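The values are calculated or read from the model by the stated rules, or taken from the named source; none is laboratory data. The structure presented is a predicted model; accordingly, all values stated were derived computationally and were not measured. All Cβ positions, even for glycine, are placed from backbone atoms using ideal geometry, and neighbour counts span all protein chains on display. Accessible surface is based on the protein model in full, side chains and every heavy atom, while ligands, DNA and RNA are left aside. Shrake-Rupley method; radii C 1.70, N 1.55, O 1.52, S 1.80 Å.
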Amino acid sequence: MKLERKPLTALLPTPVVLLSVAGEQDTPNMITLAWVGTVCSTPPMLSVSIRPTRYSHRLVDAAREFVVNIPRADQVALVDYAGVCSGIEHDKFKELGFTALPAAQVSAPLIAECPINIECVVRHQLALGAHDMYVAEIVGAHYDEELLDERGRLLTDKINAMAYLDGEYWSLGECVGKYGAASLALAGE
């Protein structure tokens, strides 16, 4: 039996990221986001949604670029703190012990302690209600060496990423299938 509930953010899981952006007075800022997703493959684009009341919203509006940093599950306390406190009152890089590295394509910094960093330039902005969505083109990507095999392919099991589910952070588990493999098996090939 199915129970109907009022409309809510029921698409689960959502990735947990740290968005870094150039700040005021040369102090970069970061914010924890879970309303994030891939939206196009050519050109590669993603979306992030930020409440207009957040300090990072103002910074992204001004800079029109940012870096999406994928943290590890063992950084959950730092990630949570970055989303709870405001960059107006806190230098989050300093307080959390994160290192701001120069990006190759944008003015926002990479977070050195995150295994994947995705440089983005805003192409569209849409006011949705509680959040504004930024659709951004991916203009650069950086990976920690140990995440790539000798052919440069991503070793997904090495990332140790996390997801957000109904107010909780969850680590991601094991691979349960490969794209296309299950459909081939069902088709008897």
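In this structure, does residue 77 turn out to be loosely packed, with under 15 Cβ neighbours inside 10 Å, without any contact (Cβ under 8 Å) to a residue 40 or more places away in the chain and out of contact with any Phe, Trp or Tyr (no Cβ under 6 Å at 6 or more places or on another chain)?
yes
Quick one: residue 141 ticks every box in (1) among the aliphatic types (A, V, I, L, M); (2) open to solvent by 30 Å² or more (accessible area, probe 1.4 Å); (3) touching a Cys at 6+ places or on another chain (Cβ under 8 Å) bar one, so which box is it?
With (1) among the aliphatic types (A, V, I, L, M); (2) open to solvent by 30 Å² or more (accessible area, probe 1.4 Å); (3) touching a Cys at 6+ places or on another chain (Cβ under 8 Å) applied to residue 141, the lone miss is (3).
Anything in the range 108-138 that is of a type in the set (A, V, I, L, M) and either under 26 Å from residue 95 (Cβ atoms) or surrounded by fewer than 16 Cβ atoms within 10 Å (Cβ to Cβ) (or both)? List them, or say none.
Selection gives 108, 110, 111, 112, 116, 118, 126, 127, 128, 130.
Suppose we filter 39, 48 for residues that are surrounded by 19 or more Cβ atoms within 10 Å (Cβ to Cβ) and either modelled with pLDDT of 95 or more or of a type in the set (A, V, I, L, M, F, W, C) (or both); which single one remains?
Of 39, 48, the one residue that is surrounded by 19 or more Cβ atoms within 10 Å (Cβ to Cβ) and either modelled with pLDDT of 95 or more or of a type in the set (A, V, I, L, M, F, W, C) (or both) is 48.
Yes or no, residue by residue, for (1) among the basic types (Lys, Arg); (2) closer than 18 Å to residue 111 by Cα; (3) at pLDDT 95 or above:
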| residue | (1), (2), (3) |
| --- | --- |
| 127 | no, no, yes |
| 133 | no, no, yes |
| 144 | no, yes, yes |
| 156 | no, no, no |
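Given the residues 53, 99, which is the only one that is modelled with pLDDT of 95 or more, open to solvent by 20 Å² or more (accessible area, probe 1.4 Å), of a type in the set (Ser, Thr, Tyr) and closer than 30 Å to residue 157 by Cα?
The match here is 99.
Please count how many residues of the range 1-31 are free of Cβ contacts under 8 Å to residues at least 12 places away in the same chain and either within 19 Å of residue 90 (Cβ to Cβ) or assigned to a strand (DSSP E or B) (or both).
The total comes to 2.
Count, please, the residues in the range 56-96 that happen to be touching a strand residue (DSSP E or B) at 6+ places or on another chain (Cβ under 6 Å) and under 29 Å from residue 158 (Cα atoms).
Number satisfying all stated conditions: 14.
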